[in-house]
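Structure record follows, encoded as structure tokens.
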Amino acid sequence: MKTNRRKFLAGTLAAGAAIYGGGLTAFGAEAKRGQIRIGTCKLGLAAAKTAGLEGIQLPLQLAGDQLDVSQAATIQNYKQQMAETGLPICGLMMGMLNQSPLAADPRGPAWLAQAITAAKELDARVILVAFFSKGDLLAKDGQLKRDDVAAVVKRLQDAAPRAKDAGVVLAIENYLNVRQNIEILERVGHESVQVYYDVFNTGATKGYDVPAEVRQLKSRIAQFHFKNGAQFLGEGKLQFPPIAAAIREIDYRGWIVLETSSPTKDAVADARRNAEFTRQLFAAA
């Protein structure tokens with residue numbers, strides 16, 4: 001989830017039309033207006049537009065102890081970029097939580113509050129709350145880290161009403177299986193906390209049955225990440241057609257965000273290729 005800040009901002013300016021007001025009609029339910037939309041968390045707005053994508057997921061950065069989007073000038077900068085490109089920011093990504101875990105870092109609750117405020121300002125209705133690396137909720141035996149989960153549940157419960165008031169979903173992304181994710185959601189007990197589902201993390205890294213998990217989670221999935229390691233989508237062992245079929249089966253009509261690599265080192269061309277694969281995948285599904 002690491003992003004070169006200067007390159008990200010440099011790639012976001014281009015001429016275009018008005019801001020697209022994508023979003024959620026309810027807490028976590030993507031607005032059902034037409035087909036799947038394809039975004040990326042690897043490119044800025046201008047580069048995403050050149051690649052034929054429909055929006056971006058914005059990786060948040062730290063500015064001291066605060067999120068960069070807590071600054072009014074940063075929000076205004078992104079609003080200007082959206083207006084110039086005509087593309088939306090479809091979500092925010094809190095990757096800093098991988099090194100500063102939500103379970104333990106005292107700044108975590110403030111970061112959630114700042115992200116929620118920024119998401120409302122940017123009409124970015126899903127906030128990815130990350131649990132990898134130091135923030136991983138799985139112990140070595142594959143069981144939940146119970147103390148960490150208890151702390152996370154409390155902090156999500158505290159933030160959820162604020163998210164609901166803002167029309168924003170806090171979507172947890174992790175290495176947990178479907179049963180473990182559902183346990184956390186039920187303990188939080190709020191519609192504004194859902195799952196961010198990464199098909200590669202679950203299917204290729206952990207070996208879970210992705211189509212089955214998608215069907216079990218259903219409307220508890222706020223958004224999806226598609227990636228395939230160092231390869232293009234459709235290459236290697238991860239089978240995307242049954243995944244797309246399951247996503248269609250649960251009547252998901254929101255964003256598929258590409259977290260894909262760039263095998264040829266041409267990030268725009270490679271993103272265009274992966275986006276076209278994804279569109280064809282869902283057309284077939």
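Taken together, the values in this text are just the output of simple stated rules run on the coordinates, not laboratory data. Keep in mind it's a predicted model, so treat the numbers as computed, not measured. Every residue, glycine among them, receives a Cβ derived from its backbone with ideal geometry; neighbour counts consider all protein chains shown.
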Consider only pairs whose beta carbons are under 9 Å apart and that are at least six residues apart or on different chains; among these, list those whose first residue lies in region 174-201 and is touching a residue at least 60 places away in the same chain (Cβ under 8 Å) and more than 15 Å from PHE131 (Cα to Cα) and whose second residue is β-branched (Val, Ile, Thr) and not in a helix (DSSP H, G or I). GLU191/VAL169; SER192/VAL168; SER192/VAL169
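Just give me the residues in region 121-155 being touching a Ser or Thr at 6+ places or on another chain (Cβ under 9 Å) and surrounded by 19 or more Cβ atoms within 10 Å (Cβ to Cβ), in sequence order.
Initially, region 121-155 is screened for residues touching a Ser or Thr at 6+ places or on another chain (Cβ under 9 Å), giving 134-135.
If the condition is that a residue be touching a Ser or Thr at 6+ places or on another chain (Cβ under 9 Å) and surrounded by 19 or more Cβ atoms within 10 Å (Cβ to Cβ), then GLY135 is the only one that fits.
Out of GLU235, GLU249, which single residue is of a type outside the set (A, V, I, L, M, F, W, C), in contact with a helix residue (DSSP H, G or I) (Cβ under 8 Å, 6 or more places away or on another chain) and more than 29 Å from ASP148 (Cα to Cα)?
The match here is GLU249.
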Could you list, in sequence order, the residues of region 79-96 that are without any contact (Cβ under 8 Å) to a residue 60 or more places away in the chain and buried (at least 19 other Cβ atoms within 10 Å of the Cβ)? ILE89, LEU92, MET94, MET96
I'm trying to understand the selection: among the residues of region 47-77, which are of a type outside the set (Asp, Glu), part of a loop (DSSP other than H, G, I, E, B) and under 20 Å from the mean Cα position of the chain (by Cα)? ALA51, GLY52, LEU53, GLY55, LEU60, GLN61
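Please state which one of THR260, THR264 is in contact with a helix residue (DSSP H, G or I) (Cβ under 6 Å, 6 or more places away or on another chain) and closer than 16 Å to THR202 by Cα. Break it down stepwise before answering.
On the way: THR264 fails: closer than 16 Å to THR202 by Cα.
Exactly one residue qualifies, and that residue is THR260.
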Residue in region 186-203 that is basic (Lys, Arg) and surrounded by 17 or more Cβ atoms within 10 Å (Cβ to Cβ) present: no
